[in-house]
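Before any comments, here is the structure.
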Amino acid sequence: MVSEGNGAMIVGVIGGSGLYRMKGLEKVREVRVETPFGRPSDVYVRGILEGTEFVFLPRHGRGHRWLPTEVNFRANIFGMKKLGVERIISVSAVGSLREEIAPGDVVIPDQFIDRTTQRPSTFFGQGVVAHISMADPFCAVLCGGLVRAAQATGAEVHAKGTYLCMEGPQFSTRAESLLYRRWGADVIGMTNLQEAKLAREAEICFATMALATDYDCWNRTAGDVEIEQVLAVLRENVELAQRIIRRAVDYLPAKRSCGCASALKDGIITERKKIPAKARKELKLLIGKYL
Amino acid sequence: MVSEGNGAMIVGVIGGSGLYRMKGLEKVREVRVETPFGRPSDVYVRGILEGTEFVFLPRHGRGHRWLPTEVNFRANIFGMKKLGVERIISVSAVGSLREEIAPGDVVIPDQFIDRTTQRPSTFFGQGVVAHISMADPFCAVLCGGLVRAMKRLMEESNINLAISLHATTDEIRSQLMPVNRKYPLAELMDCCRSLPLPKRRRITFEYVVLRGINHSEEDARRLSKLLTGIRSKINLIPFNPHPGSSYRRPTAEEIAQFQNALQVRGHQVNIRDPRGNDIQAACGQLWTESETVQSSRSNVEHRTLDIALGE
């Protein structure tokens, strides 16, 4: 299965529970994708919105069935690649680690700190070794588009920030929350890091639109994070997220000129003739052009 | 399999190698439990101790067979739940990261930092997603119970008790140590007074000296009064200044003055100079410039063994 797009921009959106598709989406089709890494979290929903092709995927599956630890990030991103997606906007609920980031605010992070422990985070291995840079883990162009779009909607926007990705599913302890603040982290979530790493390996531009839902538990005056509060703030912000995504497209060039499109260029270090046939075949979509 | 208790409290104890059961345990039975998460570390040992039902489990199995990484934590806790346990006391050997927590001391922690990497840590998944708060990871009531139990422990063992005092008024102490709101000074000191302290043993009071805050002549007078009737010694710990903290370290002269003011009132007073001061690496200094006052307060709180005594 390859992209059915007309060669123009296809934007992937990985959303939380409230964002399976968008109002006004036309020619909506559900697409089931198989990957060498198993099944994605759910079927992809494709459609056209104001002339741009979108592909939606609910990260936790419809009905919220997968724990952060269980989400098949590799299949999700590989599936996006298979569908011709070149840019992914990842929408994510996060806890705020800063007083100035209030619940309801939008954060477009520019950095990550990894505190996950139980997740495969690469497409490589099994005979192909590749190392790519994660120095700047997000696509600056896509982030810029999101920031401008978010500002245009009148939302409270933080144009950068460090996203700490924890394993979960329990929320952090107070000692951890205070520690992360000392490390300089600004928001905390459980999902986006693997998506960013894998998107970079797949040479897909990636940006996160983080919606602050709570103050985690460091802020004694605000009370500790509970799931009800997270869901309530999310429900209120689904429409805002949709408006930002819709507008972001206007700020993006049709053709990519950022480094994301060639992120893997010098990354594969395995001697080409030593790469096993199976890996060659399974990863063709990612590495074919470099072999 | 359900609880065989009479509906009253059942206390679970997860112990290291030395704690499979307890002296005086009656009606001892071994119970094998199966769980959806596999087998617990070993059979559970049930019994009655002075009217209370206890369930023991050796964390690493008898003979210490499981690595920390291998312990089936989910099965262990699920098994406790299956046996009707509502409270678990987990006994654990730990290394001290603080000078003032000496080998042999008892610590009832109130927070965690997770640095494990290979352990399933939830019962959920496989179709059920749940997120719970771990902001306060320990049961405050159960921790309090442990603190009270230490009164009795004083009679039966030879632990040394160290108490973080840091202030002579409730106002200042509550600022430095939120636990003071729950166990104010008067209560804490009453409790210390009532402890059956073995012969030749003293209670150590840790006292971080903060410039201009807690080392006046008045403080010395109040501290002396607070310690009336308690066999005690005082450790003065000059505060380690660090970026982001509003607290400052008193001069050597000021500390000596405070020490003297206590000594003339008949107290044994040591000054504990924190090490590593010259490389900014003494207690609680390994952090970045962005620290806030709030966190530095909690550091004062965490830097010493906080045993809040009292009912």
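The values are calculated or read from the model by the stated rules, or taken from the named source; none is laboratory data. This one's a predicted model, so the numbers in the text were calculated from it and none came from an experiment. Please note: Cβ atoms are built from the backbone with ideal geometry, for glycine as well, and neighbour counts cover all protein chains shown.
Worth a mention:
- Hits in the stretch B:15-36 - residues which are over 13 Å from B:Lys81 (Cα atoms) and touching a residue at least 24 places away in the same chain (Cβ under 8 Å): B:Gly15, B:Gly16, B:Ser17, B:Leu19, B:Tyr20, B:Arg21, B:Met22, B:Gly24, B:Leu25, B:Val31
- Candidate set: the stretch A:231-272, residues that are of a type in the set (Val, Ile, Thr) and in a loop (DSSP other than H, G, I, E, B); chosen: the one farthest from A:Gly145 (Cα to Cα): A:Thr270
- Considering the stretch B:95-135, and only residues there that are touching a strand residue (DSSP E or B) at 6+ places or on another chain (Cβ under 9 Å) and either touching a residue at least 40 places away in the same chain (Cβ under 8 Å) or farther than 28 Å from A:Glu228 by Cα (or both), the residue that is nearest to the other protein chains (Cβ to nearest Cβ) turns out to be B:Ile101.
- Residues located in the stretch A:57-82, provided they are touching a Phe, Trp or Tyr at 6+ places or on another chain (Cβ under 6 Å) and farther than 19 Å from B:Thr122 by Cα: A:Leu57, A:Pro58, A:Arg74, A:Ala75, A:Phe78
- Inside the stretch A:69-87, residues that are in contact with an Asp or Glu (Cβ under 7 Å, 6 or more places away or on another chain) and not polar (S, T, N, Q) make up a count of 2.
- Residue in the stretch A:45-62 that is surrounded by fewer than 17 Cβ atoms within 10 Å (Cβ to Cβ), in contact (Cβ under 8 Å) with a residue 60 or more places away in the chain and either away from chain B (no Cβ under 14 Å) or out of contact with any Pro (no Cβ under 9 Å at 6 or more places or on another chain) (or both) present: yes
- Residues in the stretch A:128-151 that are part of a loop (DSSP other than H, G, I, E, B) and surrounded by 15 or more Cβ atoms within 10 Å (Cβ to Cβ): A:Val129, A:Ile132, A:Met134, A:Pro137, A:Phe138, A:Cys139.
- Any hit, the stretch B:218-236, residues being exposed (fewer than 13 other Cβ atoms within 10 Å of the Cβ) and farther than 21 Å from B:Asn160 by Cα: yes
- Taken over the stretch A:85-118, residues that are surrounded by 17 or more Cβ atoms within 10 Å (Cβ to Cβ), outside any strand (DSSP E or B) and at pLDDT 95 or above amount to 10.
- The lone exception for A:Arg65 - which of (1) charged (D, E, K, R); (2) more than 14 Å from chain B (Cβ to nearest Cβ); (3) farther than 21 Å from A:Lys197 by Cα it fails: (2)
- Search result, residues across the stretch A:167-184 that are touching an Asp or Glu at 6+ places or on another chain (Cβ under 9 Å) and either more than 14 Å from chain B (Cβ to nearest Cβ) or part of a helix (DSSP H, G or I) (or both): A:Arg174, A:Ala175, A:Glu176, A:Ser177, A:Tyr180, A:Arg181, A:Arg182
- Some residue of the stretch B:21-44 being modelled with pLDDT under 90, in contact with a Phe, Trp or Tyr (Cβ under 6 Å, 6 or more places away or on another chain) and not polar (S, T, N, Q): yes
- Residue list for the stretch B:187-214, filter: in a loop (DSSP other than H, G, I, E, B) and in contact with a Lys or Arg (Cβ under 8 Å, 6 or more places away or on another chain): B:Leu195, B:Pro196, B:Leu197, B:Arg201, B:Arg202, B:Leu210, B:Arg211, B:Gly212
- Total residues in the stretch A:152-166, condition surrounded by 21 or more Cβ atoms within 10 Å (Cβ to Cβ) and not in a strand (DSSP E or B): 1
- Residue under evaluation B:Gly79, criteria (1) small (Gly, Ala, Ser); (2) over 15 Å from the mean Cα position of the chain (by Cα); (3) within 14 Å of chain A (Cβ to nearest Cβ), criterion not met: (3)
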